[in-house]
1. Testing GLY171 on (1) touching a Cys at 6+ places or on another chain (Cβ under 7 Å); (2) without any contact (Cβ under 8 Å) to a residue 24 or more places away in the chain, one condition comes back false. Which one is that?
2. Could you grab me the full set of residues in the range 34-64 that are under 13 Å from ARG134 (Cβ atoms), open to solvent by 60 Å² or more (accessible area, probe 1.4 Å) and among the aromatic types (Phe, Trp, Tyr)?
3. Looking only at residues in the range 211-251 that are open to solvent by less than 20 Å² (accessible area, probe 1.4 Å) and farther than 19 Å from LEU169 by Cα, which one is modelled with the highest pLDDT?
4. In the range 36-50, is there at least one residue being in contact (Cβ under 8 Å) with a residue 24 or more places away in the chain and over 30 Å from ARG143 (Cα atoms)?
5. Scanning for something in contact with a helix residue (DSSP H, G or I) (Cβ under 9 Å, 6 or more places away or on another chain) and without any contact (Cβ under 8 Å) to a residue 40 or more places away in the chain, does the range 198-218 turn up at least one residue?
6. Give the range 81-103 a look and list any residue that's surrounded by fewer than 14 Cβ atoms within 10 Å (Cβ to Cβ) and touching a residue at least 60 places away in the same chain (Cβ under 8 Å), or say none.
7. Spot the failing condition for PHE175; the list is (1) in contact with a Lys or Arg (Cβ under 6 Å, 6 or more places away or on another chain); (2) at pLDDT below 95, and only one is missed.
8. Among the numbered criteria (1) assigned to a helix (DSSP H, G or I); (2) more than 19 Å from LEU192 (Cα to Cα); (3) not acidic (Asp, Glu), which single criterion is violated by TRP55?
Amino acid sequence: MPALMADALLSGKALRRLAIALVLAALLILLQGHSGLDLWLADAMFDFQSHTFPWQHAWLTERFGHGILKVVLTALGALPVVVVLWDALRRGRILGPWWQLRLRLLALCTVLIPLVVSLLKRASHSHCPWDLARYGGDQPYYRLLEQMPRWVEAGHCLPGGHASSALWLVGLAVFWLPHDVRRAAQVAGWALALGGLVGWMQQLRGAHFLSHTLWSIWIAAAILLALLAAQDAWRRAGVARRAAARQGVAN
């Protein structure tokens, strides 16, 4: 795969710094999840007099946010996948190496970010706010990492799945790497913010806590970083193989 043999999109030093930042971010999200902020925000969005989330069935949050916007973002996410598959079927004759590398990474983001979030959500025991007895449901509230009794039904609500329909856009950052790292960081930041906004609309509906959205954002950033690290590792392995081959010829 010649496209993966291009120059590193991020230096090893930058990759290590971002990995450390991700670890620290994970610790902060864990602390936030145990701080009471989740419940405080959900309380603010819940009407205790009518026992409803007023935004649950609003046009903006349900029809647009949960329907129209998700369809549009999913359709946009299919485009790089289709282009990459088309190029692969034509044996790489459609795209040049520069475009191949970046579109492949973007396509992987569009597939892996929603997939990983969905798989983790299915394995999760955490409940959505509207499922909790506190907000008119019938389930008790447990924080992440707290031991749930076996009789408590699994909630399958963490991380926030809907935010991942926008979070794949973080992969657009690769189109500014390695020549403009600052702009790439800005693009990634705006993409994560958009995912956060989509998640926030779900929070207004009572479908998720803030920590659910934050974990989705963290997963998206972690997947992009893992892909960049994998590209660098592949490139280094290719350089080593070519050096070994030249050494063998010289001998």
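1. (2)
2. Of everything in the range 34-64, those that are under 13 Å from ARG134 (Cβ atoms), open to solvent by 60 Å² or more (accessible area, probe 1.4 Å) and among the aromatic types (Phe, Trp, Tyr) turn out to be TRP40, PHE48.
3. By that ranking, first place goes to SER211.
4. no
5. Yes, the range 198-218 contains a residue that is in contact with a helix residue (DSSP H, G or I) (Cβ under 9 Å, 6 or more places away or on another chain) and without any contact (Cβ under 8 Å) to a residue 40 or more places away in the chain.
6. TRP98
7. (2)
8. Condition (1) is where TRP55 drops out.
The values are calculated or read from the model by the stated rules, or taken from the named source; none is laboratory data. Note that the structure is predicted; figures quoted are calculated from it, not measured. Because the Cβ atoms are built from the backbone with ideal geometry, glycine has one as well, and the counts that use them run over all protein chains shown. Accessible surface areas use protein heavy atoms only, side chains included; no ligands, DNA or RNA. Shrake-Rupley method; radii C 1.70, N 1.55, O 1.52, S 1.80 Å.
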